[in-house]
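Please read the structure below before turning to the comments.
The values are calculated or read from the model by the stated rules, or taken from the named source; none is laboratory data. If you're wondering where the values come from, they're calculated on a predicted model, not measured in any experiment. Counting neighbours? That spans all protein chains shown, and the Cβs are built from the backbone with ideal geometry, glycine included.
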Amino acid sequence: MPTASSDRIRHVQLSSVVLPLEQPISDAKVLTGRQKPMTEIVLLFAEIRTEQDRHGIGFSYSKRAGGPAQYAHAKEIAGNLIGADPSDIAKIYDQLLWAGASVGRSGVATQAIAALDIALWDLKAKRADLPLAKLLGAHRDSVRAYNTSGGFLHAPLDEVKERATKSLADGIGGIKIKVGQPDTREDLRRVRAVREHLGADVPLMVDANQQWDRPTALRVGRALEEFDLVWIEEPLDAYDAEGHAHLAEQLDTPIATGEMLGSVTEHVRLIEARAADIIQPDAPRIGGITPFLRLATLADHHGLQLAPHFAMEIHLHLAATYPREPWVEHFEWLNPLFNERLETLDGRMLVPDRPGLGFTTSEQCRAWTVDAAEFGTA
């Protein structure tokens, strides 16, 4: 019986890349003593090549811990791709899950799969000579964008305001700042100062990074109502669906959460509990584009807004396909890894017209590679 595709995967390369940050980064988890400042991001890159010399790249990442574990698991399972039809992404995904079944279907196990899954989608879109958003079916050619990287708690207030001004001048549409400090009065002081600096019309978000308990989140959430925020992000522990649901019911300001969850199943619990107005999945964290698309369908069915976390190089395409107007998070941290740049204009991030994700890895990315492994025939 003839097959629909005669192409097969012949080579997979995995790379562990350590990206140093320009300065140590602190959010509320640092100020409450739960974590140390972040100094680097460890990425797992996957490059897939076929017998017809088609090529796709994907990546996953980890902050503070987990990068070496992702790389180790990917090395255990990547050989299963050799000889597979690259178009059969769902079939391959299941095979990779079963290859690592003993370590489960969330966390490191699926984050390792994510890099391979994203590379397969990049390859598929390139074969069609389409941007990934167009291959999946776009609702828009640009997505509302907000900046986070200028609003961390290690930055003095004057620097936060200065960087917010620059972000808006660069065509980014909204500003998010970090809160969740031990002294909530300082949080409110910073939010008030930034709102006054931006004016009433600029979209403003805050992110507590899970550092409030339920009474504090409700009290501070009520105090924040006057600032007309787009959302309050992660006010509680990421797994406290009931607490987030209570806040969503009690506050006028929308509640956003989900970035720390490591599977679609964990997001389902949030959705069923009505714990978020805006859901924030992270494709590399939940296992790649394949599970992200399943989750997006469910989120739309429940009327939720979407604001994917980090990795704008991937999430811009996915947000462009969401039926409801989404947001995408602007972070310039990964720019040195790629030769191309995303454009922002009039508050929105433009979907590139390049095929696939639209990125090629840079010489700097290769210079920061600390280990690599190959499978199949180069």
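To keep it simple, each residue is scored yes or no on (1) at pLDDT 95 or above; (2) on the phi > 0 side of the Ramachandran plot; (3) surrounded by fewer than 17 Cβ atoms within 10 Å (Cβ to Cβ).
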| position | (1), (2), (3) |
| --- | --- |
| ARG10 | yes, no, no |
| GLY33 | no, yes, yes |
| LYS36 | no, no, yes |
| GLY58 | yes, no, no |
| LYS63 | no, no, yes |
| ALA90 | yes, no, yes |
| TYR93 | yes, no, no |
| TRP98 | no, no, yes |
| VAL103 | no, no, yes |
Notebook entry, point to check: Taking segment 60-106, which residues are polar (S, T, N, Q), assigned to a helix (DSSP H, G or I) and under 23 Å from SER6 (Cα atoms)?
Noted result: ASN80, GLN95
Checklist line | Residue, surrounded by the most Cβ atoms within 10 Å (Cβ to Cβ), within segment 163-176, restricted to residues that are assigned to a helix (DSSP H, G or I) and touching a residue at least 12 places away in the same chain (Cβ under 8 Å) | finding: SER167
Checklist line | So SER149, is it part of a helix (DSSP H, G or I), among the polar types (S, T, N, Q) and out of contact with any Leu (no Cβ under 6 Å at 6 or more places or on another chain) | finding: no
Check: Quick one: which of ALA28, ALA114, ALA109 is touching a His at 6+ places or on another chain (Cβ under 7 Å), buried (at least 23 other Cβ atoms within 10 Å of the Cβ) and not β-branched (Val, Ile, Thr)?
Finding: ALA109
Next item on the list: Report, by residue number, each residue of segment 31-59 that is touching a Leu at 6+ places or on another chain (Cβ under 7 Å) and not in a strand (DSSP E or B).
Entry: LEU31, ARG54
Next item on the list: Would you be able to say whether some residue in segment 185-195 is part of a loop (DSSP other than H, G, I, E, B), in contact (Cβ under 8 Å) with a residue 24 or more places away in the chain, surrounded by 15 or more Cβ atoms within 10 Å (Cβ to Cβ) and β-branched (Val, Ile, Thr)?
Entry: no
Check: In segment 117-132, which residues are surrounded by 24 or more Cβ atoms within 10 Å (Cβ to Cβ) and more than 16 Å from PRO281 (Cβ to Cβ)?
Finding: ALA119, LEU120, ASP122, LEU123, LEU132
Margin query: The conditions are (1) of a type outside the set (A, V, I, L, M); (2) under 20 Å from ASN335 (Cβ atoms); (3) modelled with pLDDT of 95 or more, and PHE152 fails exactly one of them. Which is it?
Written below: (3)
Next item on the list: Name the single residue, out of those in segment 107-139 being under 19 Å from the mean Cα position of the chain (by Cα) and not in a helix (DSSP H, G or I), that is farthest from SER16 (Cα to Cα).
Entry: ALA138
Item checked: Residue that is touching a residue at least 60 places away in the same chain (Cβ under 8 Å) and touching a helix residue (DSSP H, G or I) at 6+ places or on another chain (Cβ under 7 Å), where the choices are ARG341, ARG285 -> ARG285
Check: Would a scan of segment 302-310 turn up a residue that is surrounded by 15 or more Cβ atoms within 10 Å (Cβ to Cβ), without any contact (Cβ under 8 Å) to a residue 60 or more places away in the chain and more than 21 Å from SER60 (Cβ to Cβ)?
Finding: yes
Next item on the list: Report, ordered by the first and then the second residue, all pairs with beta carbons closer than 9 Å, sequence separation of six or more or different chains, a first member in segment 223-236 that is assigned to a helix (DSSP H, G or I), and a second member that is basic (Lys, Arg) and surrounded by fewer than 24 Cβ atoms within 10 Å (Cβ to Cβ).
Entry: GLU226/ARG192; GLU226/ARG195; PHE227/ARG192; PHE227/ARG195
Next item on the list: Considering (1) among the aromatic types (Phe, Trp, Tyr); (2) in contact with a Ser or Thr (Cβ under 8 Å, 6 or more places away or on another chain); (3) at positive phi, say which one PHE331 fails and leave the rest.
Entry: (3)
